[in-house]
Every structure is written in structure tokens, then in C-alpha cells.
Amino acid sequence: QVQLMESGGGLVQTGGSLRLSCTAYGSAFSINVMAWHRQAPGKQRDLVARINSSGSTYYADSVKGRFTISRDNTKNTVYLEMSSLKPEDTAVYYCNADVTNYPTYSRTPHWGQGTLVTVSS
């Protein structure tokens with residue numbers, strides 16, 4: 001069973017920066033796409049950024065130029081560097097990983113527990 005553990009959330013002022021981390025733990029798996037989603041109070045969960053196993057990235061328009069997603073495949077870890085933060089970035093941020101399980105080669109999605117980012121004005 002693969003588990004995702006997130007860290008790095010907190011309170012920051014407008015214009016500040018934070019770095020989120022998410023590490024996948026388990027055995028007999030490999031990770032395909034890793035992504036960050038966020039959910040603000042009363043709103044749906046939206047994709048923020050994703051990165052595939054070769055390093056290709058996608059960003060939501062709202063975070064382009066401010067957020068950077070990266071991954072360390074040797075550590076099964078994905079990062080989200082957030083800068084120029086705005087109050088509207090306030091949300092619970094969730095890590096997501098698409099995993100291939102061995103020896104069955106089945107693919108399963110996994111989610112972290114979420115980490116709260118609060119940007120004060």
C-alpha cells in the first residue's frame with residue numbers, strides 16, 4: 001500500500017513564499033504522474049500543477065510564473081515552490097500520485113492528507 005506524506009504548509013503574508021513536499025512510501029511501486037491540487041473553503045478541488053516521470057510540467061493559469069513543481073525520483077518526492085503568494089492561494093493543498101504497482105502492473109491513484117496554506121493580507 002502506497003502512502004503519501006505531505007509537509008510544508010503554514011501561514012505566510014501576501015508576497016511571501018512556501019515550499020510544500022510530498023513523499024510516497026511503500027514497496028514494489030513506481031510513480032507516474034505526481035500533482036498538487038488545492039481546495040479552498042466552499043470550493044471544489046482544483047489541479048494546481050503536475051509533473052510526469054520525465055519532468056514535463058503543467059500549471060494552472062492562476063499559478064503560472066509563481067509556482068514551480070519539481071520531483072526527485074530517487075526519493076519518490078514531489079515539491080511545490082510557491083512564491084508571490086496571494087490571499088486567494090489560501091487552501092488545503094493535496095498531493096496526488098498515479099502509481100504502477102508491481103508485480104501486477106495495476107495503476108492506482110493515491111492522495112495525501114492535505115496541508116493547509118494560509119496567506120494573510
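The values are calculated or read from the model by the stated rules, or taken from the named source; none is laboratory data. A quick note: this is a predicted structure, and the numbers were derived from the prediction, not measured. Don't worry about glycine lacking a Cβ; one is built from the backbone with ideal geometry, like all the others, and counts go over all protein chains shown. Surface areas here come from the heavy atoms of the whole protein model, side chains and all, with no ligands, DNA or RNA. Shrake-Rupley method; radii C 1.70, N 1.55, O 1.52, S 1.80 Å.
Residues are listed down the side, and each one gets a yes or a no for (1) within 20 Å of L4 (Cα to Cα); (2) in contact (Cβ under 8 Å) with a residue 40 or more places away in the chain:
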position: S21; (1), (2): yes, yes
position: H37; (1), (2): yes, yes
position: L47; (1), (2): yes, no
position: S56; (1), (2): no, no
position: K64; (1), (2): no, no
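On the given criteria, is A28 among the small types (G, A, S) and under 17 Å from G114 (Cα atoms)? Judged against the criteria, A28 is not a match.
Scanning segment 36-63 for residues that are β-branched (V, I, T), over 9 Å from the mean Cα position of the chain (by Cα) and closer than 17 Å to L18 by Cα yields a count of 1. Which of the residues spanning segment 66-112 are more than 11 Å from the chain's Cα centre (by Cα) and open to solvent by 70 Å² or more (accessible area, probe 1.4 Å)? N73, T74, K75, K86, E88, Y102, P103, T104, Y105, R107, P109, listed by residue number.
For (1) modelled with pLDDT of 95 or more; (2) among the hydrophobic types (A, V, I, L, M, F, W, C), each residue gets a yes or a no:
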site	(1), (2)
Q1	no, no
V12	yes, yes
G16	yes, no
S21	yes, no
W36	yes, yes
A60	yes, yes
